[in-house]
Amino acid sequence: MRSLARFSDIYLPSRGEFLALWGADDVEAAVRAFQPGLMVEEQVVVVKDGSAGAFAFTPDRQVTMNAYDVRVRNTVGAGDSFNAGFVTANTLELDLYDSVEFACAVAALTISTDQLPDVNDVNRLRSEKP
């Protein structure tokens, strides 16, 4: 897995997966263990951290994003919806910060409503964020 992760354009592990794979106690230490030997120049790594939000980095930028404060109804699909949100934002050519914010909004809507969110729902939630 370690070598495969270094070849991916976008790597979207959970915090637990990331720490375990790179043998670290915190995200920053895992990043230091991960970065040597990267095989993709523009690689994006986004570490999902549940109710704490997400941490993203590229070789030259880091972003920390708090999760949206929503009433949780059901967490099934939260990680997958986050991943789909991030890939969608990337396709829309949003920058790293906005892509992570978009993904967090998709996950928040997924866990707090009974409907799958669309882009309008996501942008509405993002515009309400303090």
Residue check: is residue 63 without any contact (Cβ under 8 Å) to a residue 40 or more places away in the chain, of a type outside the set (D, E, K, R), surrounded by 14 or more Cβ atoms within 10 Å (Cβ to Cβ) and touching a Leu at 6+ places or on another chain (Cβ under 8 Å)?
yes
Within the stretch 11-43, residues being open to solvent by 20 Å² or more (accessible area, probe 1.4 Å) and hydrophobic (A, V, I, L, M, F, W, C) number 9
Determine the pairs where a residue that is basic (Lys, Arg), located within the stretch 6-24, has a partner that is surrounded by 13 or more Cβ atoms within 10 Å (Cβ to Cβ) and at pLDDT below 95 with Cβ atoms under 6 Å apart, the partner being 6 or more residues away or on another chain.
6/38
Quick count over the stretch 79-99, residues being touching a Ser or Thr at 6+ places or on another chain (Cβ under 6 Å) and either without any contact (Cβ under 8 Å) to a residue 60 or more places away in the chain or open to solvent by 90 Å² or more (accessible area, probe 1.4 Å) (or both), is 2
So how many residues does the stretch 70-99 have that are in a helix (DSSP H, G or I), in contact with a helix residue (DSSP H, G or I) (Cβ under 7 Å, 6 or more places away or on another chain) and under 18 Å from residue 14 (Cα atoms)?
7
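Only one of these is surrounded by fewer than 17 Cβ atoms within 10 Å (Cβ to Cβ), of a type outside the set (A, V, I, L, M, F, W, C), under 15 Å from the mean Cα position of the chain (by Cα) and part of a helix (DSSP H, G or I): 51, 3. Name it.
On the way: 3 fails: under 15 Å from the mean Cα position of the chain (by Cα).
It is 51.
Kindly establish whether residue 19 is within 24 Å of residue 98 (Cα to Cα) and modelled with pLDDT of 85 or more.
Numbers: within 24 Å of residue 98 (Cα to Cα): no; modelled with pLDDT of 85 or more: yes.
Spelling it out, it is not the case that residue 19 is within 24 Å of residue 98 (Cα to Cα) and modelled with pLDDT of 85 or more.
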Of the residues in the stretch 52-84, how many are under 17 Å from residue 129 (Cα atoms), out of contact with any Gly (no Cβ under 9 Å at 6 or more places or on another chain) and of a type in the set (Gly, Ala, Ser)?
3
The lone condition residue 42 fails out of (1) free of Cβ contacts under 8 Å to residues at least 24 places away in the same chain; (2) in a loop (DSSP other than H, G, I, E, B); (3) among the charged types (D, E, K, R) is (1)
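The values are calculated or read from the model by the stated rules, or taken from the named source; none is laboratory data. Keep in mind that what you see is a predicted model, and the values were worked out from it rather than measured. Quick reminder, even Gly has a Cβ in these numbers, built from the backbone with ideal geometry, and neighbours come from all protein chains shown. Heavy atoms of the whole protein, side chains included, go into the accessibility calculation; ligands, DNA and RNA do not. Shrake-Rupley method; radii C 1.70, N 1.55, O 1.52, S 1.80 Å.
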